[in-house]
Structures are given as C-alpha cells and as structure tokens.
Ligand code: SF4
C-alpha cells in the first residue's frame, strides 16, 4: 500500500489526495511503475507479484467492507480504481533459464522410468512422463482431473489443466499422440481401480493412500523422484575444465542435484526455443502472460546455438571431401551474420552460389547435384542427411532398373549416376574418418553440438520450406 501511495504521489498532480478523481489509469500507472522497479533491480520479480496481488486484495476488501459508501472513510472512491486478476504478473519461474537438462541426461532418465515405477508406484512414473512431455509445473500435473484429455475443434489433442500458480484455469495444451496414449492408459487403470466414482470426480493420478474413492491427488513427487535419480548410475558428460592453466575436456558425472521435477519445464521451454518456435507461440505453450518471461529462453538459445555452429563448422568439407579449415576459436559476430545471409541450405549441406542464395535456394542451375558443384559445403552435422541421400540414390537406381514404366529418356535422366553415388560415398567416408580421429570427449561434444544445430535447421532442397511442427521432447521414444 505504501508503493501505491508513492505511485499516486509521484504520478498525479494532486498526489492522490482527491479520491473521487482516481481511476483505472492510476492503477495502470501503478502497475507500470512496479514493473519498472522490478526490471531495474530495486526489488525482485517475486516481490513485484506480491505487491500487485496484495494491493488488489486490499482494494477489494475495502469495497467488501463498505468503506467507499456514504459517510465512510473512502466515500466516493470510483469503482474502476481497481486491479483485475489479469494485472497480476506471471510468477517468475522457479529457476532461471539455462537450467534445462542435456539430451543425454533426458534420454537416460526416460530409459529408466521402469525403475521409478518399481521403486515408487505407477502414478509417479506417469506424473514424470507427463512432466517431461508437457513441461507443466509439478502441481499442475499432480492435480490433473481424470478427464484432462480433449480435442480442439481442428482435431488437435490437448491436455486440459489448471495453471493455479497464475489463477488461470482450464488451460489447453496441444500434446503429441504418444502423450495422449500415456494419459489414456492411465485413465483406464484409474477407472478399473475406482469403478463406482463418477469420472468427473476422479483424479488422473490418485493418491495411493487414504483415498478410497480416487478423488484425492498424489502429493508432491519430489521425494520419490529424488530417490529414483539418486539410485541411477552416474551419467557421464563432457565438461571443459582448467588443468594446469589449460582448458581440457573431461568426462565427468552429471550433477544429479540439477535433476528435479521443475527442470523438465526448463528442458521443454529450451527445446522449443532451440527449435525456433516463434516467441509468442512459446509464450502460449508456457502459459506465460508476459513475453519477457519467455524471452529469457531465447537469449540462452542463441548463445548455445552460436557455440554449436562454431563447433560443427570447424569440421567443414568441400564437395571433394577436403577439410575447409576455420579458425578454432569461434567465428566473429560479423561472420555469423554473413553466414546467415550468404548461404542457403541444401538437402545435405549448404550452397554458397550467390544467385541460388538470393533466390532462397530455388534457383540451382544444375538441379541440386551438389556433390559436383564448387559452391557446395557440408559439415559433420549433415552426416545423417548424406547417408539418407545415398540410400535414396541407391533405392531409386534399383527401382529404375526394375520394371518401372517410363520413357527411356525420362528413365535415363532420372537414373542416379555411378559418379554421384561414388562421390557421396567418398564424402561420407571422409566425414566419418575425421570423426574417428577425435578423442572420445571431443566426439561427445561434437554430438551434442550436432543435436542442437540439427534441431533448428530448416529442411530445404529447392522446395518450399515445410511447416514447422512442434518438436518432440522425447524424439528417441519408441512409438
Ligand atoms: S548444386 Fe547445390 S551447391 Fe551448387 S548451386 Fe546448386 S544448390 Fe548450390
């Protein structure tokens, strides 16, 4: 209330003394001032939320108590001198961006979900799977109702949940088919366990204790989750450390204290930010009210991507498989920008041919025979694409050699040449040989960088860019 008084004193000519002249505009100015103070570090983000929430509560209470009525102390205070629930800013995330879990760690955790179920119970396992897949807060998952699965009018599967931290109920999050399958299996299980309770009263994750009707949700999963993580073998990760004044990469166990339920929310946000999902889409996915909360993930994303690009382009090759040497210490900012505008993606590398670049990759004069073109470069991150291209060539040659009905000229023009096949093979072998020359630690670092670079890469081969689907948080998951 002191902050509100300060705001009125500083922002109004009458310093807020004339009650009848106060209005909604003064409350908006108050909110802006509080946001400014939080942004400039006068107080923290949590304090900002608390101030707005508290003032809203007090102003509401003043009205409920009738203190604005005739003869009362605040007689004449206008009704629009008030704060709505939408004025309360997003709760800051529990930890700052950058606390996401690396892919290797996520994979290890997903591979060991059976152990979590064995050590605790099925509900904790399902809760953890949903935390990983949906990036919701732990309490949003543990309190899910039984009928949380729905479809939007366009057929998209959504999970309906309450963002109780920010008082936003019935939120709809698009989910993957595999996540919907996790929910459906759990629904069936709960239905069997509590056949007499109406589904509208059931919880998706009912507490295993003192819960005869299945209407009480599981409590915090933190304890069971911690015990499970502590039981897992060490997860080794490449880490750069200083030894005798030299930076060296060592394989060290990942710090398990960083694996806690909220970290899945950060991993979810970071994976989407790394995939170049538009900030406003990510803001919706995270159910943030303010873009600034979401934007923290983009800053981290850009820095990480820059490092990863530096790392993979250090292993770049021309069409003959010769290494194109680059400075080992990352590229300058201007080089990153130049690269961004001076090249265009092809199916298994990049094209530097100016006309084709200017045409966004739609104007290749030799119909994308990149392995025979001087303007072509590839790097280690394209290895899977090169291998896929080689099998496409071999498959297509086989089909054309069989009884495929086509005129001779069309058949012979479409037939992949022996030379092209030979060159693609040679390029693949060169990239692999260079990878083999790396130490185990260097290879692990390159693999990590490749995963990050590939996540944000457009798909291109003289064809329009395909629409960008939401990334799967668990791409290695079996169907
Ligand atoms: S063949 Fe490939 S590298 Fe050469 S101009 Fe065409 S797209 Fe660019």
Quiz prompt | Segment residue 57-residue 189, length gained on full extension (0.36 nm per residue, minus Cα span) | solution = 43.3 nm
Quiz item: Label-point separation (nm) for residue 25 and residue 307, each offset 7 Å from Cα along Cα-to-Cβ?
Solution: 4.9
Quiz item: So for 83, 67, fewest C-beta neighbours within 10 Å to most, what's the order?
Solution: 67, 83
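Quick one: length gained pulling residue 411 to residue 318 fully straight, 0.36 nm per residue minus the C-alpha distance?
30.5 nm
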Exercise. Provide the gained length on full extension for the span residue 251 to residue 439, in nm with one decimal, where the gain is 0.36 nm per separating residue minus the Cα-Cα distance.
Key: 66.6 nm
Quiz item: Which shape class applies to region 196-310: rounded if a/c is under 1.5, otherwise prolate when a/b exceeds b/c and oblate if not, where a ≥ b ≥ c are the square roots of the Cα gyration tensor eigenvalues?
Solution: oblate
Quiz item: Pairing the Cα long axis of helix 418-436 with the longest principal axis of the chain, what angle in degrees results, from 0 to 90 and rounded to the nearest 10?
Solution: 60
Exercise. Quick one: compute a quarter of the convex hull surface over the Cα atoms of region 2-87 and quote it in nm².
Key: 5.5
Quiz item: What FRET efficiency comes out for the pair residue 75/residue 33, r = Cβ-Cβ distance, R0 = 22 Å, nearest 0.05?
Solution: 0.25
Quiz item: By how many degrees, 0 to 90 and rounded to 10, does the Cα axis of helix 45-64 deviate from the longest principal axis of the chain?
Solution: 30
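Given the convex hull over the Cα atoms of the chain, what projected area results after averaging over all orientations, in nm²?
Computed as one quarter of the Cα hull surface, the answer is 33.7 nm².
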Quiz item: What's the percent breakdown of Cα-Cα distances in region 103-276 across 5 Å bins, shortest bin first?
Solution: 1, 8, 15, 19, 18, 15, 9, 6, 4, 2, 2, 1, 0, 0
Quiz item: For helix 333-342, what angle does its Cα long axis make with the longest principal axis of the chain, in degrees from 0 to 90 and rounded to 10?
Solution: 60
Exercise. Obtain the nm distance between the two label points defined at residue 147 and residue 215 by a simple spin-label model: each point lies 7 Å from its Cα along the Cα-to-C-beta direction.
Key: 1.6
Quiz item: What FRET efficiency would be calculated for the residue pair residue 50, residue 207, taking the C-beta separation as r and a Förster radius of 30 Å, to the nearest 0.05?
Solution: 0.45
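Laboratory data are not the source of any read-out in this text; all were calculated from the coordinates shown. Everything quoted here is computed from the prediction, not taken from an experiment. Virtual Cβ from ideal backbone geometry, glycine too; neighbours counted across all protein chains shown.
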